[in-house]
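Contents: one structure, followed by commentary.
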Amino acid sequence: MSTAVGTEGATGETAGEASRDTVAETSAAVGTARRRGIADWRPEDEAFWEEAGARIARRNLVFSVLSEHIGFSVWSLWSVLVLFLGPEYHIDAAGKFTLTALPTALGAVLRLPYTFAVAKFGGRNWTVFSALLLLVPTVLAGIVLRPGVSYGTLLAVACLAGVGGGNFASSMANINAFYPQRLKGWALGVNAGGGNLGVPVVQLIGLLVLATAGATWPRLVPLVYLPLIVLAAVGAALKMDNLTSMRNDRRALREVAKEPHSWVMALLYIGTFGSFIGFGFAFGQVLQVQFHQQFDTPAKAAYLTFLGPLLGSLVRPFGGRLADRWGGAKVTLWTFAAMAGGASLVLVASRHDSLPMFLAGFVALFVLSGIGNGSTYKMIPAIFQAKARIAVAAGADAGTAERDSRQRASALIGLAGAIGAFGGVLVNLAFRQSFLAGGSGDAAYGAFLAVYAMCFTVTWAVYLRPGVGPMRGV
């Protein structure tokens, strides 16, 4: 039997009394609710939201962010560990780019099943399980990192770190269900931004280890995360809730896959999140290879690698806020225009060996990709809300249209998140090939510029040009 949270549609004074009664009942039975789940969840009902919904959603958001944050740290663990792999490991620059590309790839693949796991097993239950799963790549990394270990072993263990990338999709799908449409940009931005902070935090921990214990102690970095993983799992078990009203509509993914807007959003997410995670994984290696004289030790590179991901993570909620106010498509459009400018600056700096200009361009790319992350995720539920309004105007039931909108938005969050994360793989492969073929990253920077120009054009053509109809203003 599920615990109901909400009112039964009372109005006026009766509605207020019913809401207060419901809150009291919910508080008294909160332990049962967390075990069995919340059955009645209506965030678009403003009375329900003010009386009970906001508090419950906020609590789930906090612990969702904690788990996702640690997941991101584990996912990007090898962006730090490769800095420790000195000559005694016998791995060249191309091999190190492969070590950072593999966890990115597995994380991308896992995002789709992780999205649907929330409705299948419950948001609380899946958060606990997925947090504990992070122990596997973390413990293994602490065991195998020593000179003499085979490259194949390192590849296998690095790949397993990709389980941390899946946490993002399940967390976003869960929080998407908790929040009303008017607050989704902010809520998803906070959730994603807090998770993304895991990238600079693990890089700061790597810097701390390099500065204190030295480059011969890479095992300390993953071992720091063992108690934090357990803390995240326990917090989720005690404080999060399952929404029993969440269902996986088997048709949702098929319908989303047939929807042209889904593939447009996947492309835009490659340009934004793919850039963020790809640059986050590769930046330290790029500095060491392209500006070796200035960054001849791992510690020197580590002093700067965290800065871009940190700023990009912090501005992600700001991107969501801007999208809530101005519309996701408008914010995304101008973000891509600015990212094209940032890529151009990096390319010019690379050709003139200007480190200050290079750093300025890359920091700008991190910040802009963070803003774009927030704005693109606002666009996803907005697209299906627009389609729901069209369906209701054509005679469809409003409740059914709203439910379908949420299910399809969650499905697309998983699909776009999975495809977009492959952008991080492409970034690392582009750097690998560029340095192998030409000795610099110039070819990669030119490719990034072309991608941002294409994304700008697509955003304008699909959502902002005159005559796009109900999709205008998404």
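Numbers at a glance
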{"quantity": "Filter pass, GLY320 being open to solvent by less than 10 Å² (accessible area, probe 1.4 Å), within 24 Å of MET379 (Cα to Cα) and part of a helix (DSSP H, G or I)", "calculated": "yes"}
{"quantity": "Residue match in the range 35-51 (condition: part of a helix (DSSP H, G or I) and at pLDDT below 85)", "calculated": "yes"}
{"quantity": "Some residue of the range 442-462 being touching a Lys or Arg at 6+ places or on another chain (Cβ under 8 Å), under 16 Å from VAL286 (Cβ atoms) and touching a residue at least 24 places away in the same chain (Cβ under 8 Å)", "calculated": "yes"}
{"quantity": "Residue in the range 260-268 that is among the aliphatic types (A, V, I, L, M) and buried (at least 24 other Cβ atoms within 10 Å of the Cβ) present", "calculated": "yes"}
{"quantity": "Matching residues in the range 417-463 - criterion: being touching a Leu at 6+ places or on another chain (Cβ under 6 Å) and over 17 Å from ALA340 (Cα atoms)", "calculated": "ALA418"}
{"quantity": "Of all residues in the range 344-403 being crowded, with 24+ Cβ neighbours inside 10 Å and touching a Pro at 6+ places or on another chain (Cβ under 7 Å), the one that is modelled with the lowest pLDDT", "calculated": "GLY374"}
{"quantity": "Options VAL65, VAL139, VAL128; residue that is of a type in the set (Val, Ile, Thr), open to solvent by 50 Å² or more (accessible area, probe 1.4 Å) and either assigned to a helix (DSSP H, G or I) or free of Cβ contacts under 8 Å to residues at least 12 places away in the same chain (or both)", "calculated": "VAL139"}
{"quantity": "Hey, VAL289 open to solvent by 10 Å² or more (accessible area, probe 1.4 Å), at negative phi, out of contact with any Asp or Glu (no Cβ under 9 Å at 6 or more places or on another chain) and at pLDDT 90 or above or not", "calculated": "no"}
{"quantity": "Residue within the range 431-438 that is touching a helix residue (DSSP H, G or I) at 6+ places or on another chain (Cβ under 9 Å), open to solvent by 50 Å² or more (accessible area, probe 1.4 Å), assigned to a helix (DSSP H, G or I) and aromatic (Phe, Trp, Tyr) present", "calculated": "no"}
{"quantity": "Where LEU220 falls short, out of the listed (1) more than 14 Å from PHE72 (Cα to Cα); (2) in contact with a Phe, Trp or Tyr (Cβ under 8 Å, 6 or more places away or on another chain); (3) open to solvent by 10 Å² or more (accessible area, probe 1.4 Å)", "calculated": "(2)"}
{"quantity": "Any hit, the range 405-421, residues being open to solvent by 10 Å² or more (accessible area, probe 1.4 Å), over 25 Å from ARG247 (Cα atoms) and of a type outside the set (D, E, K, R)", "calculated": "no"}
{"quantity": "Qualifying residue in the range 157-167 (condition: touching a residue at least 60 places away in the same chain (Cβ under 8 Å), surrounded by fewer than 24 Cβ atoms within 10 Å (Cβ to Cβ) and either of a type in the set (Asp, Glu) or part of a helix (DSSP H, G or I) (or both))", "calculated": "yes"}
{"quantity": "Where ALA187 falls short, out of the listed (1) farther than 26 Å from LEU311 by Cβ; (2) crowded, with 18+ Cβ neighbours inside 10 Å", "calculated": "(1)"}
{"quantity": "Among the residues listed as SER79, SER27, SER19, the single one being within 30 Å of LEU155 (Cα to Cα), modelled with pLDDT under 90, in a helix (DSSP H, G or I) and not charged (D, E, K, R)", "calculated": "SER79"}
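The values are calculated or read from the model by the stated rules, or taken from the named source; none is laboratory data. For clarity, every value in this text was computed on a predicted model and none was experimentally measured. Ideal geometry is used to build each Cβ from the backbone, glycine not excepted, and the neighbour counts take in all protein chains shown. In case anyone asks, the SASA skips ligands and DNA or RNA and just uses the protein heavy atoms, side chains included. Shrake-Rupley method; radii C 1.70, N 1.55, O 1.52, S 1.80 Å.
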